[in-house]
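All of the numbers you see were taken from the coordinates with simple rules; none came from a lab. Owing to the predicted nature of the structure, the values given are computational and were not obtained by experimental measurement. Methodologically, a virtual Cβ is constructed for each residue, glycine included, from the backbone with ideal geometry; neighbour enumeration extends over all protein chains shown.
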Protein chains: 2
Amino acid sequence: MRPLHQSLPLKLLMAREAVMERFRPHLLAAGVTEQQWRVLRALCEREEVEAGELADAICLKLPSLSRIMADLSRDRLINRRNGVNDKRLRLVSITPKGRAVVEKMARHSEKEYAQIQEAVGAKAYAALMDDLEAAITKLNSLNQDARD
Amino acid sequence: MRPLHQSLPLKLLMAREAVMERFRPHLLAAGVTEQQWRVLRALCEREEVEAGELADAICLKLPSLSRIMADLSRDRLINRRNGVNDKRLRLVSITPKGRAVVEKMARHSEKEYAQIQEAVGAKAYAALMDDLEAAITKLNSLNQDARD
DNA sequence: AGCAAGTAATTAACATGTTAAATAAATGCC
DNA sequence: GGCATTTATTTAACATGTTAATTACTTGCT
C-alpha cells in the first residue's frame, strides 16, 4: 500500500485547509459562508449565469447551490429570474448589495494572498498554480473519456 | 477583485474533485466511504495511534472521526482501547478484517494512480506533489505563527 | 492530599452536502 | 400537434461535518 504521505487527494485537502485557515476569519467578519463567498465571487465576473453553469464553475452540486442561493436571495445579495427563451433556466446575478460585500472582502483577501505568496515564495506559488491548472485539465479529460 | 480562475482554494478543490472521481467507484465497491478509507489507510501504517493524532494526520475534526470510528468499530474494521498510562486517550488500530479491505482496494488504487500519472505526466505529477508538500509546510508554519 | 486548570475524546444541536425523486419545461419523433 | 424523452432545477430524505457543551481524566499548585 502506497504510504499515506503520497496520497494526492489528502495533500490537496491539507493544502486547501491550510489556505482556508487564512481566509476564514475574513469570511466570518463579512458574514458569508465559504460557499456563499464562492457564489458571490463567481457572479462578480459575469453578467448573468445559469444555475447549472454556476454550479460547475464553483464546484458545487446543484441541490447545494439551490439552497445557498435561496439564502443569498433572501438577503438580497443575488437576484434570480427565469429564462425567457428557455423557462427551465434560472438566471442568477449579483445585486449591488452583494457586490459591496465582495468589495469589502476583496481588500482583506488580497492582503492574505500577498502573505501566502510571500510565505510560499512567488515562484513556487506560480508553479503550484500552473501545475494545478494543468493537472485539472488533464484529469478532467481523462474523466470525460471514462464517462463514455 | 482577483478573478475566480486565480483562486487557490478553488483550484485545490477542483483538482481534488477530479482525482476523487477516479477513486469513488472503487470505494463504493469496497463498501467504505471516503473518510473511512482515510482512517483505514492511515492505520495501516501505524501500530496504534491516539484518536487526536489520527484526526490530524487525515484532516478530520475529532467529532467527525469519533462517529466514523464508531461505525468502523461496529463493523470490526478497527479496534479501540483506552490508554494505560493516560486513560483519556483512545488508542486505535486496524483489524485483520480492516487490513483485508485496504489490501483489496490497494490494487485498484495503484491502477488509478498509474492512469493519473500517465494522464498528468510523470514529471508534472512529481512536481505537483512536491509543490503541494512545500506549500503545506510553509502555510502551516505561517498559520502556526498567526495563532500565537 | 485536595482542588483548580488543562487536555482528550465524546455527545448534542445545528449547518451543510448528497442522492434520489419530483416538477416543469423543452425537444424530437410519428 | 400530441406524446415519449431529455434537460434544468428544486424538494425531500438522509448522511456527514462543525461548533459548543459535556465527560472523564491528568497535571500542577499550595
Hydrophobic long helices for chain B, i.e. whole DSSP H runs reaching 27 angstrom or more by Cα along the axis with Kyte-Doolittle mean at least -0.5, come out as B:8-30, B:122-147
For peptide B:19-32, the mean count of other chain Cβ atoms within 10 Å per residue Cβ is 2
Loop-resident GluC sites (Glu not before Pro) in the stretch B:1-80 with no more than 12 other Cβ atoms inside 10 Å, DSSP not H/G/I/E/B, are B:47
Ranked from fewest to most other Cβ atoms within 10 Å of their own Cβ, A:131, A:75 fall in the order A:75, A:131
Over its alpha-carbon atoms, the protein assembly as shown yields an Rg and a Dmax in Å of 21.0, 71
For residue A:87, the aspartates and glutamates lying under 13 Å Cα to Cα, once residues fewer than eight places off in the same chain are dropped, come out as A:50
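Where the eigenvalues come from the Cα gyration tensor of the stretch B:51-117, what are the semi-axes √(5λ) of the equivalent ellipsoid, largest first, in whole Å?
27, 15, 10
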In the structure shown, of A:61/B:97; A:61/A:123; A:138/B:97; A:97/A:138; B:11/B:111, the pairs separated by more than 30 angstrom at the C-alpha atoms are A:61/B:97; A:61/A:123; A:138/B:97; A:97/A:138
All alpha-carbon distances of the stretch A:1-71, grouped into 5 Å bins from 0, give the whole-percent distribution 3, 14, 20, 18, 18, 13, 7, 5, 2, 0
Restricting to Cα pairs under 8 Å and 6 or more apart, the percent relative contact order of chain B works out to 21
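Using just the Cα positions, wrap the stretch A:31-146 in a convex hull and report its mean projected area in square nanometres, one decimal place.
Across all orientations, the stretch A:31-146 yields a mean hull projection of 9.2 nm².
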To the nearest 0.05, the calculated FRET efficiency linking residue A:44 and residue B:67 through their beta-carbon distance, R0 being 41 Å, is 0.65
